[in-house]
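Single-structure report; data block below.
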Amino acid sequence: MRILVTGSAGHLGEALMRTLQHSAHKALGLDVKASAFTHQVGSITDRSLVKRSMQGMNAVLHTATLHKPHVATHSRQDFVDTNVTGTLNLLEEAMPAGVSAFIFTSTTSVFGRALTPASGQPAAWITEDVIPVPKNIYGITKLAAENLCELFHLNFGLRCLVLRTSRFFPEPDDHKDTRDAYEDGNIKTNEFLYRRSDIEDVVNAHLLALERASVIGFGRYIVSATTPFTPDDLEELRTNAPDVVKRHVPRYEEAYAHNRWRMFPGIDRVYVNQRARSELGWRPQYDFARIVELLLAGEDPGSALSRAIGSKGYHATTFAEGPYPVD
């Protein structure tokens, strides 16, 4: 299979390219930035470039995007141009090229305000049935691109699967209070309970989506590490996360004591990946319990793929107050 990978210089794009180069597939990387995994340098907003890049392709893995870290440094029109028009260009050129599967990398950020319950309410149990309420231009444009994918499936029969990925990037947290209160590894390990994935698992979800697209046709899937929590935990989880975590993963306290880490006092949402596991056959290998066991064994808690890619950042500029400015 010949696969077009957009955003091939980014975290996920590079991870896909690294993985595909050891498979029977042939991948073409497209990105605005030159890289060892980019064959075609240019923007998905350039319709003629998209048309040329699409020739001979059997499938598309569309990861190129402006991200949340760009909200304060790019205009709303930039987001529309890349995330909406760029996706539309790819969809429209995929049709005459005979592409059989189009996999769109979306984000759990589309849920927006639905992720934060009102004060005094239990933590939110986030499945694909939760209605998105985007809170910034990033979420708005990613949801619009999702809807374009659905439109092309309904109107033209293009097989499109949407993967709403949680955090998998290694960059520091964007909230200064969190960075000041917790070590970076502590933050990320905590997040495996409810809103983080290892990039190797995210790659595997995309490759399974390619295989399953012909059978499913269209679907939206949350791609995040498997949580140990159940709906019965949600009320206590909001106000007393350490005790809830201890019930499910007792050894976490030993690992955390060794590293002088702390659990967050409360957790406000839980991403649920059941649909992706059921319909895609996805079996993520990295969850909180496994991270704890790796820490106790003195091993690196991430995959080899995550280490190979490392941190890329989102801007050429460094910012005094954090990894990126927050709008």
Q: Please state, to two decimals, what the Cα-based radius of gyration of the chain comes to when divided by 2.2 N^0.38 Å (N = residues).
A: 0.98
Q) If you line up the long axis of helix 137-156 against the longest principal axis of the chain, both from Cα atoms, how many degrees apart are they, to the nearest 10? A) 50 degrees
Q. Rounded, prolate or oblate: which fits the range 57-163, taking a ≥ b ≥ c as square roots of the Cα gyration tensor eigenvalues, rounded meaning a/c under 1.5, else prolate when a/b beats b/c?
A. oblate
Q.
Using Cβ contacts closer than 10 Å as the measure, can you line up ILE216, ILE267 from fewest to most?
A. ILE216, ILE267
Q.
Using a 10 Å cut-off around each Cβ, can you sort ARG18, ARG195 from fewest to most neighbouring Cβ atoms?
A. ARG18, ARG195
Q.
Run the numbers for HIS258 and PHE156: contour at 0.36 nm per residue of separation, minus the present Cα-Cα distance, in nm.
A. 31.1 nm
Q) Once every DSSP H run of n ≥ 4 in the chain is given -39500 (n - 2.57) and the sum is divided by its residues, what mean residue ellipticity at 222 nm do you get, rounded to the nearest 500 deg cm²/dmol? A) -11000 deg cm²/dmol
Q: Tabulate in residue order the Karplus-calculated ³J(HN,Hα) for the range 286-294, using 6.51 cos²θ - 1.76 cosθ + 1.60 with θ = phi - 60°, rounded to whole Hz; enter x for Gly and Pro.
A: 10, 10, 4, 4, 5, 4, 4, 5, 5
Q | Angle in degrees between helix 86-97 and the longest Cα principal axis of the chain, rounded to the nearest 10 | A | 50 degrees
**Q.** Stretchable slack from GLU236 to ARG251, in nm (0.36 nm times residue separation minus alpha-carbon distance)
**A.** 3.4 nm
Q: Express in nm, to one decimal, how much length is gained between ARG76 and ASP300 on full extension, taking 0.36 nm for each residue of separation and deducting their alpha carbon distance.
A: 76.7 nm
Q. Residues with amide H under 5 Å of ARG269's amide H, sequence separation 5 or more or different chain, H placed in the peptide plane at 1.01 Å from N; which?
A. ALA124
Q.
Using the Karplus curve 6.51 cos²θ - 1.76 cosθ + 1.60 with θ = phi - 60°, what ³J(HN,Hα) values do you get for each residue of the range 35-47, in whole Hz, with x for Gly and Pro?
A. 7, 5, 10, 10, 9, 10, 8, x, 9, 6, 6, 8, 4
Q: For a label point 7 Å from the Cα of SER35 along Cα→C-beta, name the residues of the range 195-210 whose backbone N is under 14 Å from it.
A: 199-200, 203
Q) Share of antiparallel DSSP beta bridges in the chain, in percent to the nearest 5? A) 5 percent
Q.
Can you tell me the orientation of helix 199-216 relative to the chain, as the angle in degrees between its alpha-carbon axis and the longest Cα principal axis, to the nearest 10?
A. 50 degrees
**Q.** Global geometry of the range 261-303, whether rounded, prolate or oblate, following the gyration tensor of its Cα atoms and the 1.5 cut on a/c
**A.** oblate
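Every number here is computed from the coordinates shown, using simple stated rules; none is lab data. Bear in mind that the values here come from a model prediction, so they are computed numbers and not experimental data. Note: ideal-geometry Cβ built from the backbone for every residue, glycine included; neighbour counts use all protein chains shown.
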